[in-house]
Amino acid sequence: MESGREELHRAVADALTDNRGASMGELAASAGVSRATLHRVYGNRDDLNVEVYGWLLDQCDTALDSAGIDSGPVLEGFDSLIEESYPLAQSYWLLIATPSLEKVPALLARIEAQDKRIDRFFRRGQDEGVFRPDLPPRWLVYTLGAQVMSTWYLVKDGYAAERDATSLVRRVLLEGVLDPGRG
């Protein structure tokens, strides 16, 4: 169960997803709180960005832990990584769409640490003969993130069902886009 502050972080993150350039007043209205409350909790817009994005990175860390990518069977970890990452797709979008966050050393360090952790997972999968060895692990990290984010948009825009999200990402990454019946 989320605390009030976590609920506020989630509501603000959702509002930023819909309108990254929203004013504090617009964010407050979307989150269902007063502008004064938003300023009391976060101070200013820059502090809001740092705190909300830090919270999103916390969620990503939890997802990586839950996916069990540091040990265990690689394909099970891969499936779990997709399942755990999908609900956080908005954070990928928000982090990518807000390049100024990379100027915040603490956030940048956390983003890089997460990328390296997933990189190690793909490298382990390559070493164990699960993933193709001719693809750079970092490319696999970025490709996974892009596919998860694309699937989130697909569902959000009504082109696919949420229950199909994991399968869509898994199939395109492990099987590709060629028709399997193509001879």
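Figures for the structure shown
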{"read-out": "Point-to-point label distance, residue 26-residue 157, nm (Cα→Cβ direction, 7 Å offset)", "value": "2.0"}
{"read-out": "Highest-fluctuation residue, 101, 135, 56 considered, GNM on the chain with Cα pairs under 10 Å", "value": "135"}
{"read-out": "P(r) weight above 28 Å for the chain, C-alpha pairs, percent", "value": "30"}
{"read-out": "Alpha carbon convex hull of segment 1-43, volume per residue in cubic angstrom", "value": "60"}
{"read-out": "Using a Förster distance of 22 Å, the FRET efficiency for residue 45-residue 65 (Cβ separation, nearest 0.05)", "value": "0.10"}
{"read-out": "Taking 131, 122 and counting other C-beta atoms within 10 Å, the order from fewest to most", "value": "131, 122"}
{"read-out": "Neighbourhood charge, 12 Å Cβ-Cβ cut-off, centred on residue 176 and excluding it, Lys, Arg +1 and Asp, Glu -1", "value": "+2"}
{"read-out": "Alpha-carbon centroids, segment 1-21 and segment 119-152: separation in whole Å", "value": "29"}
{"read-out": "Relative contact order (%) - the chain, alpha-carbon pairs under 8 angstrom, separation at least six", "value": "18"}
{"read-out": "Lys, Arg +1 and Asp, Glu -1 on Cβ, resulting dipole of the chain about Cα centre, debye, nearest 20", "value": "380"}
{"read-out": "GNM result for the chain, Cα springs below 10 Å: residue of 93, 55, 139 fluctuating most strongly", "value": "139"}
{"read-out": "Selected from 28, 63, 161 as most flexible by GNM, with the chain as the system and alpha-carbon contacts under 10 Å", "value": "161"}
{"read-out": "Residue order, fewest to most surrounding Cβ atoms within 10 angstrom, among 159, 142", "value": "159, 142"}
{"read-out": "Packing-based exposure ordering (other Cβ within 10 Å, fewest first) of 120, 132", "value": "132, 120"}
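No lab work stands behind these numbers, since they all come straight from the coordinates. If you're wondering where the values come from, they're calculated on a predicted model, not measured in any experiment. Here Cβ is always computed from backbone atoms with ideal geometry, including for glycine, and neighbour counts include all displayed protein chains.
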